[in-house]
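Just so it is clear, none of the values below were taken in a lab; they were calculated from the coordinates. Keep in mind that this is a model prediction, so the values were computed, not measured. Cβ atoms come from the backbone with ideal geometry, glycine included; neighbour counts cover every protein chain shown.
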Amino acid sequence: MLKWVWLSVVVIFLDQLTKWMVNVNFELYEKLPVMPHLNLTLTYNTGAAFGFLNDQGGWQQIFFAVLAFAVSGYILYWLKQLKENERWTSIGLALVLGGAIGNLIDRVLQAKVTDFIDFYIDWDVFFLSNGHFATFNVADIAIAVGAGLLVIISLFTKDEEQAVKEKT
């Protein structure tokens, strides 16, 4: 099912294109309201999701780059092992792979990840500061959608081996 790697390439292209466009056209923290509850805002993240380990002095960049590289290799191996009927698993893995490589490129080339999608709600909710969710990018969306798809597949599909046992 390596044929789905094209989807990863599309994610990487869109991710890098949008990050380039924002980096060229925005100053740091500049906001452009797009619609209610959505701004484009240039920020950088040297940590992981939600700025986790953002202030650790640089070692985290190497850690997350190595982790992304290792996970990408494993996903390629996993994709190679999948059967033709496991299309949705392949799509989920390809989305995660594209997102991981998109953010890896940022970490390698600029030692930080460009984020620019600022979704917010007009009230304070738990971890949301003034209603603002963590700023994210196209790669993050692909990872979240791909991971969500993989979770749904694991919860609502029967294992092929189990299905064969039930038929006998």
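What to note about this one:
- Residue 17 paired with residue 77, simple spin-label distance in nm, labels 7 Å along Cα-to-beta-carbon: 3.3 nm
- Residue order, fewest to most surrounding Cβ atoms within 10 angstrom, among 112, 19, 3: 3, 112, 19
- Sequence of 35, 21 once ranked by neighbouring C-beta atoms within 10 Å, starting from the fewest: 35, 21
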